[in-house]
Amino acid sequence: MMRRTLLGGLTAILVSTTPALAEGFFDQRETLGFGRLFTNDFLGDGEDRWRTGSYAISWMRGPAWEGQLPAGFGDLIEYRFRTEIIAPDKLNRTVPDDRRYVGAASLGMHTHFLRGATEFSLGADVVFVGEQTGLGEFQKDFHDRVDAPEVEILDDQLDDNVYLTGLAEIGQPIRLQDNLTVRPFVEAQAGVETLVRVGGDLHWGLIGQSDLYARDVTTGHRYRATNSDDAFGIALTLGGDLAYVGDSAYIPDDGSVELKDSRHRLRAGMSIQGLGPSVFYGLTYLGEEFEEQDEGQLTGSLHVNFKF
């Protein structure tokens with residue numbers, strides 16, 4: 001019921017506003033920047049399990065960036081591409097009380113806009129799951145090349161499927177000082193996973209205060225999609241959130257493990273910007289996602305932006 005209600009509401013909004021997105025599709029929008037974030041538990045706790053790896057790319061198109069979101073729905077569009085590998089604890093043998101292997105790839109379009117002082121993000125992704133993504137074979141081949149543990153569980157990965165997934169976020173940035181911003185947010189998602197999430201983020205430092213951000217689906221880190229300032233120095237970020245989960249295609253009801261109805265994330269990151277490339281590194285603690293999972297995990301995220 002929760003999934004149908006959320007997806008129905010998000011779809012209705014998208015359908016009713018499609019003309020706003022379509023009108024001027026080939027107009028004077030310009031490329032504002034590209035956001036990228038690579039996440040892997042090898043950069044965190046050094047393991048190779050569960051939410052083991054993902055890569056997100058965001059291409060931002062809109063009117064000239066002036067440090068805040070435009071007011072018009074559809075004026076600023078994010079074209080998003082993601083891949084993710086979700087694995088059981090052991091890659092070389094099947095364990096009955098662990099989650100199944102998942103390869104997921106998605107393409108989506110999201111609009112970001114401002115109403116008063118409140119930021120909105122609304123969009124949809126088409127998520128492809130299963131052997132059709134080729135991610136399982138990619139990981140197997142990569143592990144063979146670098147002499148990592150063999151991947152021998154691909155026969156037990158989730159079946160091929162496609163999910164339309166709607167995602168909406170409302171955030172309220174609060175500038176406490178020139179170099180300190182807090183941003184509570186609420187998020188709702190329906191589709192490949194159906195959940196409602198409440199959380200917040202803190203940004204300390206002059207770097208990136210006026211940039212455009214996208215949020216990573218796996219970790220919740222907000223990664224820069226523009227580089228609008230030339231400030232040198234360091235910025236620190238902290239964040240966390242709690243989600244109520246209605247269902248997940250990644251942990252199906254007829255599987256061998258039981259989905260937890262709540263999950264939490266805690267994250268911290270550092271950005272360094274100088275004469276060369278700007279670098280972001282973040283850590284995220286991901287809480288348990290199914291009842292049989294005996295502990296959480298620590299993942300690391302990396303973004304390097306070169307100036308040309």
Which listed residue (VAL192, GLY255, PRO88) has the Cα farthest towards the positive end of the charge dipole for the chain, taking +1 on Lys and Arg C-beta and -1 on Asp and Glu C-beta about the Cα centre?
VAL192
Using the alpha-carbon atoms, what tilt in degrees (0 to 90, nearest 10) does helix 2-16 show relative to the longest principal axis of the chain?
40
Here the Kirkwood hydrodynamic radius of the chain, Cα-based and in Å, equals 20.1
In whole Å, how far is the Cα centre of region 231-271 from that of region 66-97?
11
Taking Cα atoms only, helix 135-146 is inclined relative to the longest principal axis of the chain by an angle, in degrees rounded to 10, of 80
Would you list the P(r) distribution for region 222-273, with all Cα-Cα distances sorted into 5 Å bins from 0 and each bin expressed as a whole %?
4, 13, 17, 14, 12, 10, 10, 9, 7, 3, 1
Per DSSP, loop GluC sites (Glu not before Pro) in region 200-296 with at most 11 further Cβ within 10 Å
GLU295
Euclidean distance between Cα centres, region 112-133 to region 158-211, Å
10
For region 2-305, size of Cβ-based charge dipole, Lys and Arg +1, Asp and Glu -1, in debye
1220
Between LEU202 and LEU236, what is 0.36 nm times their sequence separation minus the Cα-Cα distance? Round to one decimal in nm.
11.4 nm
Under 10 Å, Cα contacts only: if you run a Gaussian network model on the chain, which one of ASP98, ASP261, ASP253 comes out with the highest mean-square fluctuation?
ASP253
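Readers should treat all values here as calculations from the given coordinates under stated rules, not as data from a laboratory. Note that the structure is a prediction, hence the values are computed from the model and not measured. Glycine also receives a Cβ, built like all others from the backbone with ideal geometry; neighbour counts cover every protein chain displayed.
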